[in-house]
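Read the structure below first, then the notes.
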Amino acid sequence: MTATKAVAGGIAANIVTVILWGISSIPGWHTVPDEPKAAIMALVSAGVGAAIVYFAPANQQTMTNLAPERERGLRSPFGSDRAFAGTLD
């Protein structure tokens, strides 16, 4: 999962909350039995959240100039890579 999609998932939770509040304010919603009401709310929650994350754009590379490659491996500062050079012989 990319960072953009993770942020979309966090935002989706808030959007789902608003949508569920909107559904609960539909006239006659209080007459629906609890089991179907819970199923409808679960389906809407999962569907809206999944759709938001699915359609969120993936991260894209924004740097045009990459760092130059090194010819040598990484070296430790102040010569600490040679501290134990003579002990392994």
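In table form, for the structure just shown:
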{"read-out": "Gain upon complete extension [I26, Q60; 0.36 nm per residue less C-alpha separation]", "value": "8.2 nm"}
{"read-out": "Residue order, fewest to most surrounding Cβ atoms within 10 angstrom, among T31, T4, T17", "value": "T31, T17, T4"}
{"read-out": "Cα-projected label distance for M41 with V18, points at 7 Å along beta-carbon direction, nm", "value": "2.0"}
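We did not get these values from a lab; they are worked out from the coordinates using the rules stated. Please read these numbers as outputs of a predicted model, since none were measured by experiment. Reconstructed Cβ throughout: ideal geometry from the backbone, glycine too, with neighbour counts over all protein chains shown.
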